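The values are calculated or read from the model by the stated rules, or taken from the named source; none is laboratory data. The structure presented is a predicted model; accordingly, all values stated were derived computationally and were not measured. Counting neighbours? That spans all protein chains shown, and the Cβs are built from the backbone with ideal geometry, glycine included.
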Amino acid sequence: MSDAGSMRTIRDVLLPGRAGVAAPASGGVSGERAVQRILESHGRMASQIIAILQDLQALRQYLPEAELRLISRELDVPLTRLYAIATFYKAFRLVPRGRHEISLCTGTACHVRGAMRVKDAIEREIKIAAGGTTLDMRFSFETIRCLGCCGQAPVMMVDGELVSRLDHLTVGKALEKYK
Amino acid sequence: MKFVLNGKKRTAEAGTTVLEAARAAGIDIPAVCAHDALEPFGACRLCVVEIREHGKKRPRVVASCLYPVKDGIEVETDTPRIRKLRKFLLELLLARSPGAPYVRELAAKHGVTKTRFSKLNDDCILCGLCVRVCSEIVGANAIGFSQRGIGRKVESPFGIDHSRCIACGACAYVCPTDAIDMEYERVIELRREGGEHLCRYTLMGFLSDAVCSLNYECFHCEIDQKFRAEAHTHPMLAGKQPRRKARA
């Protein structure tokens, strides 16, 4: 808040809890405490913003809007800046992810061995298109390129675990154990 | 700093950019994203010039808005190589915003009337003037860039949050292509938020605690008319000095 003059007027008027301006983090005190801990671990430095966002995403699987607002206030970094960073890097996500993450390989070998049929089958099974998250937050589903084990094509990774030699008839069953 | 500009010897203060020095010498370098009151940004790249540093054989192409004058450099602002680069950039701009008179005129001025690229019809050329006015001059930080590459655009956070906007209209004022329309939505919202109904010029920092009695119909308002008449520019810009030389 080092800026003088007109800057102060705007901040004074718009910042303290006027309509539409940042409500505290949705997770209540514990959510705020988690963010504070992340901020402390980076010395509350605005220059560490990417590392801070990475830590937040590691914790929440995505960047919740309310917590971005909190970071914006705590570090005095404009929300527009955080939003620019969060949308610039593909590694950051602004929408929640499901409890289980399905990554289906659609690389060359898997493609040849019917990955697209498997993709259709998964989409039918969990009723969302690739790139989305189910409403019950059970699955997030995305296609990726190569997992490096083309000999077992077609393959997918569920929660970091490889599921190999898929076919479109049985892939639904393979997903049943993930609740 | 002593240097050569288009064959003539010139001097400039340290920290001056090549663009500023050239403009001071009356040499026209086209630049879309440069603005006297704002920090240089280097987005449009139209201000490219050739620079030969002392003892170097081949000239380099640099963006003059970001390049500080150095001792002994030779600057050429209008060579065939530079003209070719500018024409190419103008073709790209023309493909992006074929409907914007500003872009068409600028391109035509440099002999570009057609573009080889497929057209996009987006009036925003991503010069960043609005974003920088909002952060550097207004201090509201209501809009910023989002996404990247072909998806890059100017947005408020999360695409919808305009709570930081003070409806000063400086962004729309500086926009060269009129890609920004002032939506009176925000003004109406200021109205709805109730409470003190602070005058927009209070939000901008010109008046202390003036209260709006006209329900934000500024076009009826004496204060608005007075500021507009006196400023000859957007009031927000009139209140600021041209940018200080940041780099010494």
Among the candidates B:Val112, B:Val103, residue that is touching a residue at least 60 places away in the same chain (Cβ under 8 Å), more than 14 Å from every other protein chain (Cβ to nearest Cβ) and over 13 Å from A:Thr80 (Cβ atoms): B:Val103
Any hit, the range B:127-135, residues being in contact with a helix residue (DSSP H, G or I) (Cβ under 8 Å, 6 or more places away or on another chain), in a loop (DSSP other than H, G, I, E, B) and at positive phi: no
Residue count, the range A:107-142 (criterion: at pLDDT 90 or above, of a type in the set (S, T, N, Q) and surrounded by 19 or more Cβ atoms within 10 Å (Cβ to Cβ)): 1
Residues of the range B:1-52 that turn out to be surrounded by fewer than 14 Cβ atoms within 10 Å (Cβ to Cβ) and not hydrophobic (A, V, I, L, M, F, W, C), as a count: 9
Test: residue in the range B:34-53 that is over 25 Å from B:Lys153 (Cα atoms), touching a residue at least 60 places away in the same chain (Cβ under 8 Å) and hydrophobic (A, V, I, L, M, F, W, C): no
Residue that is farthest from the other protein chains (Cβ to nearest Cβ), among those in the range A:52-93 that are within 13 Å of the chain's Cα centre (by Cα), of a type in the set (Lys, Arg) and within 22 Å of B:Val154 (Cβ to Cβ): A:Arg93
Unique match (being in a loop (DSSP other than H, G, I, E, B), within 9 Å of chain A (Cβ to nearest Cβ) and touching a Phe, Trp or Tyr at 6+ places or on another chain (Cβ under 9 Å)) among B:Asp161, B:Asp178: B:Asp161
Of residues in the range A:155-172 being closer than 16 Å to A:His100 by Cβ and in contact with an Asp or Glu (Cβ under 9 Å, 6 or more places away or on another chain), the one surrounded by the most Cβ atoms within 10 Å (Cβ to Cβ): A:Val171
The range B:115-142, subset of a type in the set (A, V, I, L, M) and more than 14 Å from chain A (Cβ to nearest Cβ), residue nearest to the chain's Cα centre (by Cα): B:Leu129
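To keep it simple, each residue is scored yes or no on (1) closer than 23 Å to B:Arg148 by Cβ; (2) in the same structural domain as B:Leu19 (by TED's automatic domain parsing); (3) part of a helix (DSSP H, G or I).
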position: B:Leu66; (1), (2), (3): yes, yes, no
position: B:Asp71; (1), (2), (3): no, yes, no
position: B:Lys84; (1), (2), (3): no, no, yes
position: B:Pro98; (1), (2), (3): no, no, no
position: B:Tyr102; (1), (2), (3): no, no, yes
position: B:Glu105; (1), (2), (3): no, no, yes
position: B:Ala108; (1), (2), (3): no, no, yes
position: B:Phe117; (1), (2), (3): yes, no, no
Selection from the range B:203-220 of residues that are closer than 14 Å to B:Val187 by Cα and buried (at least 16 other Cβ atoms within 10 Å of the Cβ): B:Leu203, B:Met204, B:Cys212, B:Tyr216, B:Cys218
Entirely in the range A:27-109, the helices (runs of 4 or more DSSP H) that have 3 or more residues that are in contact (Cβ under 8 Å) with a residue 40 or more places away in the chain: A:65-75
Complete set of residues in the range B:145-158 that are within 10 Å of another protein chain (Cβ to nearest Cβ) and over 13 Å from B:Leu129 (Cβ atoms): B:Ser146, B:Gln147, B:Arg148, B:Gly149, B:Gly151, B:Arg152, B:Lys153, B:Glu155, B:Ser156, B:Pro157, B:Phe158
Filtered residues of the range A:136-159 (kept if in contact (Cβ under 8 Å) with a residue 40 or more places away in the chain and assigned to a loop (DSSP other than H, G, I, E, B)): A:Met137, A:Arg138, A:Arg145, A:Cys146, A:Leu147, A:Ala153, A:Pro154, A:Val155, A:Asp159
Subset of the range A:118-135 (residues that are assigned to a loop (DSSP other than H, G, I, E, B) and in contact (Cβ under 8 Å) with a residue 24 or more places away in the chain): A:Ala130, A:Thr134
Some residue of the range A:145-154 being under 26 Å from B:Ser146 (Cβ atoms), of a type in the set (A, V, I, L, M, F, W, C), surrounded by fewer than 18 Cβ atoms within 10 Å (Cβ to Cβ) and touching a Cys at 6+ places or on another chain (Cβ under 8 Å): no
